[in-house]
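Read the structure below first, then the notes.
The values are calculated or read from the model by the stated rules, or taken from the named source; none is laboratory data. Fair warning: this is a prediction, and the values are worked out from it, not measured in the lab. Methodologically, a virtual Cβ is constructed for each residue, glycine included, from the backbone with ideal geometry; neighbour enumeration extends over all protein chains shown.
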Amino acid sequence: MGFLYKNWVCHLFLLAIAMLSGCTAIQPFPQVARSGDTISLMVGSQSGMGKGNTQVWFTSDADTANPIDLSGGILAFFDLYADRSSWAYSPNNANADTNFRYLHHEAWQTAVALDLPLGLPLGPGTIQVQTTVPQPKPLEAGYLDVYPDVNTVDIRMEILPGDGTANPFQYKTTFDGTLSGDLRNLKLMRQALVQPPVEDPGGLWPTTFGAIEMKLSLPMLDADGLPPTEANVRLATQSVSTYTDSRLQTTWRFDGSELTVLFVSATGNIYYYEPRFGAVAEYAYFTEAPAPSLTSVRYFDSNGNEVAGPAITDYSVTLRGKSYWTAP
C-alpha cells in the first residue's frame with residue numbers, strides 16, 4: 001500500500017535524523033506557530049517518557065510568572081529511528097558512538113507531537129519539558145561533558161497572531177482515498193520491556209560473553225481469553241553490535257508461559273548491557289497479576305562454559321506501551 005504523508009511529517013523526520021546523535025533538541029518544528037497549530041518537539045532518548053510522567057509548558061517572555069500547561073494537547077510520544085545502513089549507525093560516527101556508550105541503546109530520538117491550545121500570548125517564549133524519567137548519568141571516564149538533561153533545556157518558540165488548526169496528518173491510499181493519520185499507532189505496543197544494567201561501577205564484568213540465555217515469565221492470555229501461543233508474542237530487540245562488534249544473533253521460543261531468549265555472538269563479544277528487548281503482546285494481553293519477571297539469566301564464554309555475569313536483580317522488567325486487546 002502506497003501513501004503520501006503531508007510535508008509536516010517529512011520535516012519532522014528530517015529534524016529527528018539531525019538529532020539522532022543523542023542530544024536534546026533546542027527548537028521545535030515549526031519554530032513559529034499560531035495558537036491551535038500542531039507542533040513537534042525532540043526531547044532526547046531517555047527510555048519511558050509518556051503522558052503519565054511528562055509535562056510540557058509554555059512561558060511567554062511577556063509574562064514569565066505564569067507558565068501555561070500544554071500537556072493536555074499531547075497527541076503522542078514515539079521514538080524515531082534512523083535506517084540501520086545510515087551514518088547514524090556507523091562505528092566511525094563519533095557522535096553516535098558516544099551516545100551509545102552512555103545510553104547503552106541504539107540511536108533513537110523521542111518525539112512529542114502536540115496541539116497548541118487557543119489563546120496563547122503572542123510573541124516569543126520558551127517551552128519547557130519536565131519529566132520524572134531518570135536522566136542519563138555522567139559520561140564514562142575520558143569524556144569531558146555530561147548528557148543534556150531535558151528538564152533543564154529551554155526550547156525557544158514564537159506565537160504568531162491568528163488561530164491555527166490541528167494537523168490531521170492526512171495521507172493517500174490506493175483504495176480508501178484520503179484518510180487521517182493516527183500518531184498513536186507509532187507508540188509502543190504493550191510489552192514487557194527487559195533492560196539490562198547500564199553501568200558497572202564495581203568493575204565486576206570487565207570481560208564480554210559468548211552467549212546469554214534469558215528466561216522471562218509472561219503471564220498473558222490471547223484476546224479470546226485462551227492460553228497464548230508463539231503467535232501471540234513478538235520479540236523486539238535492539239541493534240548495537242555496530243558499536244560492540246558482537247555480531248549479535250538472537251533466537252527465541254515461547255511455551256505458553258515462559259519466553260526463552262538466546263543471544264549468541266560469533267566474536268564472543270557481547271557486552272553486559274546489550275541484551276535489551278521487548279516481549280510484545282500480539283492479539284493478547286498481560287494479566288493483572290503476577291507481573292512479567294525474569295526467572296533465569298545464564299552467561300557463557302566463547303567455548304560454551306558457563307561464567308558469572310550480572311544478577312537477575314540488576315535487570316528491570318516493566319510493562320510499557322498501549323494495549324490493543326483487553327480481557328473478553
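Considering only residues of segment 239-260 that are under 20 Å from Leu294 (Cα atoms) and buried (at least 19 other Cβ atoms within 10 Å of the Cβ), which is nearest to the chain's Cα centre (by Cα)?
So the residue we want is Leu259.
Of these, Thr131, Thr126, which one is surrounded by 14 or more Cβ atoms within 10 Å (Cβ to Cβ), closer than 20 Å to Leu193 by Cβ and modelled with pLDDT of 75 or more?
After applying the criteria, what remains is Thr131.
So which residues in segment 272-313 are out of contact with any strand residue (DSSP E or B) (no Cβ under 8 Å at 6 or more places or on another chain) and buried (at least 17 other Cβ atoms within 10 Å of the Cβ), if there are any at all?
The one that is out of contact with any strand residue (DSSP E or B) (no Cβ under 8 Å at 6 or more places or on another chain) and buried (at least 17 other Cβ atoms within 10 Å of the Cβ): Tyr273.
This table checks each residue for (1) at pLDDT 75 or above; (2) among the acidic types (Asp, Glu); (3) surrounded by fewer than 16 Cβ atoms within 10 Å (Cβ to Cβ).
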residue: Leu4; (1), (2), (3): no, no, yes
residue: Ala25; (1), (2), (3): no, no, no
residue: Ala33; (1), (2), (3): yes, no, no
residue: Asp37; (1), (2), (3): yes, yes, no
residue: Leu41; (1), (2), (3): yes, no, no
residue: Thr64; (1), (2), (3): yes, no, yes
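Scanning for something over 23 Å from the mean Cα position of the chain (by Cα) and closer than 28 Å to Trp108 by Cβ, does segment 190-197 turn up at least one residue?
no
For Tyr171, all conditions in the list (1) at pLDDT 75 or above; (2) part of a strand (DSSP E or B); (3) not aliphatic (A, V, I, L, M) hold save one; what is the number of the exception?
For Tyr171, the exception is condition (1).
Quick check on segment 304-311. Is at least one of its residues of a type outside the set (Val, Ile, Thr) and at positive phi?
yes
List pairs: first residue in segment 276-301 and assigned to a loop (DSSP other than H, G, I, E, B), second residue polar (S, T, N, Q) and at pLDDT 95 or above anywhere in the structure, Cβ distance under 9 angstrom, at least six positions apart or on different chains.
Hits for this filter: Glu282/Asn232; Tyr283/Asn232; Pro290/Ser217; Ala291/Ser217; Pro292/Ser217.
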